[in-house]
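Here is the structure we will look at.
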Amino acid sequence: MGIDFLDLKFRVEKRFHIRIPHEKAAELFRNGKKYDPPPGEWRDVRVSDFVAMIETLVAEQNPECKLDIFTGVKQDIIKCLDVDGSEVTPEALLYRDLGMR
């Protein structure tokens, strides 16, 4: 998890009034998909997997939240990574496709 992820994490926490525990974020990356190159050396996370984690945390910590979670996360990804909105799809990979560092 790099500086871009921390920036995204703080933006999402602020938007949805939640806290993303370090353990949850680390688990997301540990369980992420392996992609080449190099084989098995790093893991990446799909936007949909990140959104699913946020949906769970919002349900637990801020159930009265009425914001659309995918839309809010997408806006935060666009601002954080300076990418075009059309690139932020549920299937997009945070590192490989969106350039997260």
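The values are calculated or read from the model by the stated rules, or taken from the named source; none is laboratory data. Owing to the predicted nature of the structure, the values given are computational and were not obtained by experimental measurement. All Cβ positions, even for glycine, are placed from backbone atoms using ideal geometry, and neighbour counts span all protein chains on display. For accessibility, only protein heavy atoms count, side chains too; no ligands or nucleic acids. Shrake-Rupley method; radii C 1.70, N 1.55, O 1.52, S 1.80 Å.
For this structure, a couple of remarks:
- Count of lysine pairs in the chain with Cα separation under 25 Å (8 or more residues apart, or interchain): 20
- Fully extended contour minus Cα-Cα distance, from E13 to K79, at 0.36 nm per residue: 22.3 nm
- Calculated [θ] (222 nm, deg cm²/dmol) that DSSP helices of n ≥ 4 give over the chain, each run adding -39,500 (n - 2.57): -16000 deg cm²/dmol
- Loop trypsin sites (Lys or Arg not before Pro), segment 54-84, which have at most 14 other Cβ atoms in a 10 Å radius of their Cβ (DSSP): K66
- If you run the Gaussian network model on the chain, springs between alpha carbon atoms under 10 Å, then out of V58, V45, V83 the most flexible one is V83.
- Atom-type composition of the exposed protein surface of the chain places 51 percent of the accessible area on carbon and sulfur (1.4 angstrom probe).
- Contact order, relative form, for segment 40-101: 46 percent (alpha carbon pairs under 8 Å, 6 or more residues apart, mean separation divided by residue count).
- Pairwise label distance in nanometres, T71 with E87, each label 7 Å out on the Cα-Cβ vector: 2.3
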